[in-house]
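Chemist: The structure under discussion is supplied below as structure tokens; questions concerning it will follow.
The values are calculated or read from the model by the stated rules, or taken from the named source; none is laboratory data. Quick caveat, the model's predicted, so the values are computed rather than measured. Heads up, the Cβs are rebuilt from the backbone with ideal geometry, glycines too, and the neighbour counts pull from every protein chain shown. Only protein heavy atoms, including side chains, enter the accessible area calculation; ligands, DNA and RNA are left aside. Shrake-Rupley method; radii C 1.70, N 1.55, O 1.52, S 1.80 Å.
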Amino acid sequence: QVQLVESGGGLVQAGGSLRLSCSGSGSIITFNTMGWYRQAPGKQRELVATILTSGDTNYDDSVKGRFTISVDGAKNTVSLQMNSLKPEDTAVYYCNADVLWGFPPRRTIYWGQGTQVTVSS
């Protein structure tokens, strides 16, 4: 089995910064894709950013230029640096990973438990 554990959420004023981290543990062989999604109250979960093992990244237009996703493959960790935060960034942020794990190897998509980010105006 694999677990994803997030950290780094909290309360920040508009214009501030936060860094989210998500660490994977278990019988991990490699990740195909890792990413961050968010869900605001009353809204559907939406993509924030993803990163491939190649290093290619993808961002939602609303966070381009403000957020940066990075991965430390040796530590099975994906991070999201969030700068110039806005009140509309307030949401629960979820880590997501497409994982190759176990023996025989199998491919499964896992989600973290979520971490709250609140940006005050």
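Chemist: For the list (1) open to solvent by less than 50 Å² (accessible area, probe 1.4 Å); (2) at pLDDT 95 or above, I need the number of the one condition that N76 fails.
Modeler: Condition (2) is where N76 drops out.
Residue-wise test of (1) part of a strand (DSSP E or B); (2) closer than 25 Å to A74 by Cα; (3) touching a residue at least 40 places away in the same chain (Cβ under 8 Å).
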| residue | (1), (2), (3) |
| --- | --- |
| E6 | yes, yes, yes |
| L11 | yes, no, yes |
| G15 | no, no, yes |
| R19 | yes, yes, yes |
| S25 | yes, yes, yes |
| I29 | yes, yes, yes |
| T33 | yes, yes, yes |
| G42 | no, no, no |
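Chemist: Moving on. State all residues of the stretch 95-115 that are open to solvent by 50 Å² or more (accessible area, probe 1.4 Å) and within 18 Å of S23 (Cβ to Cβ); if no residue qualifies, say none.
Modeler: The answer is L100, I109, W111, Q113.
Chemist: Could I ask something else about it? Do you know which of the residues in the stretch 79-94 that are more than 25 Å from G26 (Cα to Cα) and of a type in the set (S, T, Y) is most open to solvent (accessible area, probe 1.4 Å)?
Modeler: Ranking the candidates gives S84 first.
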